[in-house]
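Participant: Please read through the structure below; I'll follow up with questions.
Computed from the coordinates by the stated procedures, all read-outs in this text should not be read as laboratory data. Remember, predicted model here, so these are calculated numbers, not experimental data. Don't worry about glycine lacking a Cβ; one is built from the backbone with ideal geometry, like all the others, and counts go over all protein chains shown.
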Amino acid sequence: MSAESIYYPSQEVLDYATVKEYENTYKFSIENPEEFWAEQAKQLEWYEPYEKVLDSSDAPFYRWFVGGKTNIIHNAIDRHLKTSTRNKIAFVWEGENGDVKVYSYHALNREVSIFANILKSMGVKRGDVVTIYMPQIPEQIFAMLATAKIGAIHSVVYAGFSHEALGERIKAAKSKVVITADGGFRKGKIVNLKSVVNTALEDNPYTQVVITVKRTGHEVEMISGRDYWFHDLKSLPIASIKCPTEVMSATDPLFLLYTSGSTGKPKGLVHTHGGYSVYTSTTARMVLDIKPEDRFWTAADPGWITGHSYIVYGTLLIGATTFLYEGAPNHPYPNRWWQMIEKFGITILYTSPTAIRGLMRFGESWVKRHDISSLRLLGTVGEPINPEAWKWYYEVVGNKKCPIIDTWWQTETGGHMITPLPIFPLKPGSATKPFFGIKVGVVDDEGNEVHPNEQGNLVIKSPWPGMACCVHEDRQRWIDTYWKRFEKFGWYHPGDAAKIDEDGYVWIIGRSDDVIKVSGYRLGTAEIESALVSHPGVAEAAAIALPHDLKGNAIHTYVILKKDFTITPDLENELKDHVANAMGPIARPESITFVDILPKTRSGKIMRRVLKARALNLDVGDISTLEE
Ligand code: WT7
């Protein structure tokens, strides 16, 4: 390998890791994908075996484990009840205010079954979409699992999203039932969720029932005939602790998750019971190396794919213990995370570069106050990790003994795609190599493989069981967004730029399309621009990403005002608030620059590349298509 700094795993890590060998297994998995995945599928129980591992007849609508009957809940909960795992801790939760709740697998099943019976009594049927807009409390997870148990489809909307974003998603999914809470705690303050739901539901023909969990106890508006308190429903006879798990086809939808793209409104990616079960359990076991005895913490919101796949499903499928924390990492002090790791004996921590940079800023003395030697593995996800943050994570948090598992994947992929295994030599900032069964390439715009260390388009050249099956009710969008670009090769196009070095290590550079990653959150420039243009004073707008020390990227915008409007600091703030109200606080622009003209191609497309180059004082490159 080249001379740059390489971090080798210790003998202890090598001895303990579930997967001991990569090259041969990888080769086998690429040459015999169906055999490889059939082997992994055997780790799960099936009500009825599948007839075919992969059906590609309707590609790119791939169908996995066709003919198989299952329900992810059978493997995540039910089968554990037949063994001593029943008495094991499934789930530990700590509230920001210090409340702690602990559930065994038996207790988890009870809570999920009660919730499932309540949903049924509210008319939720197989195939219905239930929207969940909740703080990070146990009921958020119970709601997801309960929905899946009865064969309905969950659509979790991140609680940081605005009422407009929530309303749009509820309507798109035609949710009859919405589950929320009165509020949640964040930095000691109440986040008022129920009022957001109330506003989101104005002018909504679909939603008939809102179930509200009491968390904060503050006054909220309840609309009679529509709104029910969860604790009231729980005390009714219908809320029995016995509820059968619905038998599903492997290809039936399990959940929708909305995510931003380069054009148009967010799309609902659909994941299925069978393929997703196999993929999340396999990656949880092999990549994050989760063993039944682990206490695993994904420090992310369950409302994102990271939370779905590894707080909830992957970890429970293994029969390990998963941990959830409600609030801010620095509340009341910046030692909060380390305190909880010590208190609960967390063995694996999985989080984002943004969170690491944020904690790094407070200095290592906050970490050193606590004995966090229970940690044996650290993971990161969401954006490229800068080597400085990598080294801090490795040295200060991991005490130089924990491998850093830098996992590249997406909402669309369901689970890890390019990632080290614990046994890999590591290079800080590289997501290393493709996971088993994943064939990657870095290609130019014509699809030719680029040279080592040259930047190109990342592509995935073969299907995998964790892949979304489609975009909710929009067949064409699945094709157009991911498969059109390299149609003649049949490759999946994730929208990232990458390079591969001389050792075959993949380095993700970042998004190559009009998607911006702010603190790991995914936002579309089109959405930000249309939010700006929806303000009465804005004629035209452009949004770009510029590097930011803490957030990775920050949103910078350019605005052309309408004639009667003048530039004032007030207006600037008003526009920033306007975007935050439309999308959520995460989308609030860092800056607004008022301009008279925007660089456009002759066909009228904004050349964001030119704006970016100017802002960074770089060469603007080829501008032959520029209008003027
Ligand atoms: C985009 C997907 C997968 C869960 C969280 C994000 C970026 C993700 C990495 C990584 C560099 C990464 C990519 C990708 N990304 N992980 N380890 N290194 N970039 O899911 O919101 O669907 O975003 O996140 O740009 O395309 P998502």
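Participant: One quarter of the convex hull surface, Cα atoms only: what value does that give for the range 491-570 in nm²?
Facilitator: 7.7
Participant: Quick one: Cα convex hull volume of the range 77-138, Å³ per residue?
Facilitator: It is 98 Å³ per residue.
Participant: Okay, next question. How much of the DSSP bridge set in the chain is antiparallel, in percent, rounded to the nearest 5?
Facilitator: The antiparallel fraction comes to roughly 60 percent.
Participant: Translational diffusion coefficient of the range 387-528 at 25 °C, 0.890 mPa s, Stokes-Einstein with Kirkwood Rh over Cα pairs, in µm²/s as a whole number.
Facilitator: 151
Participant: Give, as a single signed number, the net charge of other residues whose beta carbon lies under 12 Å from the beta carbon of VAL220, with Lys and Arg counted +1 and Asp and Glu -1.
Facilitator: So the surrounding residues net to -1.
Participant: Please give every one of the lysines within straight-line cross-link reach of LYS517, meaning a C-alpha to C-alpha distance under 16 Å, and leave out same-chain neighbours fewer than 8 residues apart.
Facilitator: Within reach: LYS551, LYS612.
Participant: Sticking with this structure for a sec: In nm, give the distance between the simple-model label positions of ASN453 and ARG110, each being 7 Å from the Cα along the Cα-to-Cβ direction.
Facilitator: So the two model labels end up 6.2 nm from each other.
Participant: For the range 253-270, take each phi angle, set θ = phi - 60°, evaluate the Karplus expression 6.51 cos²θ - 1.76 cosθ + 1.60, and give the result in whole Hz per residue in order, putting x for glycine and proline.
Facilitator: x, 9, 8, 10, 9, 7, 9, 7, x, 7, 10, x, 7, x, 10, x, 7, 10
Participant: Share of antiparallel DSSP beta bridges in the range 140-259, in percent to the nearest 5?
Facilitator: The antiparallel fraction comes to roughly 30 percent.
Participant: Around CYS243, under 15 Å between beta carbons, what's the net of Lys plus Arg minus Asp minus Glu among the other residues?
Facilitator: Its environment carries a net charge of +4.
Participant: By how many nm would the segment from GLU45 to ILE223 grow when fully extended, if each residue of separation counts as 0.36 nm and the alpha-carbon distance is taken off?
Facilitator: Contour length minus the Cα-Cα distance gives 59.8 nm.
Participant: How big is the gap, in Å, between the Cα center of the range 251-278 and the Cα center of the range 353-413?
Facilitator: Each part reduced to its Cα centre gives a spacing of 28 Å.
Participant: Order these peptides, 400-409, 33-42, by their mean beta-carbon neighbour count within 10 angstrom, highest first.
Facilitator: 400-409, 33-42
Participant: Given points 7 Å out from each Cα along the Cα-Cβ axis, report the ALA497 to LYS234 separation in nanometres with one decimal.
Facilitator: Roughly 5.1 nm, to one decimal.
Participant: Follow-up. Can you work out the base-10 log of I(q)/I(0) for the range 22-73 at q = 0.17, 0.19 1/Å, using the Debye formula on its C-alpha atoms alone?
Facilitator: -0.60, -0.72
Participant: Cross-link list LYS88/LYS120; LYS187/LYS427; LYS174/LYS576: which exceed 32 angstrom alpha carbon to alpha carbon?
Facilitator: Going by Cα-Cα distance, LYS187/LYS427 fall outside the 32 Å limit.
Participant: From largest to smallest, what semi-axes in whole angstrom does the range 581-628 give when each is the square root of 5 times an eigenvalue of its alpha carbon gyration tensor?
Facilitator: Values for the range 581-628, descending: 24, 14, 10 Å.
Participant: In 10 Å bins starting at zero, report the fraction of Cα pairs in the chain per bin as a rounded %.
Facilitator: 3, 16, 27, 28, 18, 6, 1, 0
Participant: Let me ask something else about it. Taking every pair of distinct Cα atoms and averaging 1/r, then inverting, what Kirkwood hydrodynamic radius in Å comes out for the range 205-254?
Facilitator: Result for the range 205-254 stands at 14.0 Å.
Participant: Over the Cα atoms of the range 201-307, Rg to Rh with Kirkwood Rh, two decimal places?
Facilitator: Computed over Cα atoms, the ratio is 1.03.
Participant: In terms of the ratio Rg/(2.2 N^0.38 Å) built on C-alpha atoms, what value belongs to the range 259-412?
Facilitator: 1.05
Participant: For LYS488, go through the lysines and keep the ones whose alpha-carbon is under 18 Å away, minus same-chain ones fewer than eight residues off.
Facilitator: Qualifying lysines at Cα under 18 Å: LYS439, LYS461.
Participant: Considering the Cα trace of the range 1-147, what is its radius of gyration and what is Dmax, both in angstroms?
Facilitator: Considering the range 1-147 through its Cα atoms, Rg and Dmax are 20.7, 64 Å.
Participant: Moving to a separate point now. With the crude spin-label approximation of a point 7 Å out along Cα→Cβ, what separation in nm comes out for LYS605 versus ASN32?
Facilitator: Reported label-point gap for LYS605 and ASN32 is 4.5 nm.
Participant: On to the next question. In whole Å, what is the distance between the alpha-carbon centres of the range 432-472 and the range 512-540?
Facilitator: Here the answer is 27 Å between Cα centres.
Participant: If you restrict to DSSP beta bridges whose two residues both lie in the range 89-165, what percentage is antiparallel, to the nearest 5?
Facilitator: 55
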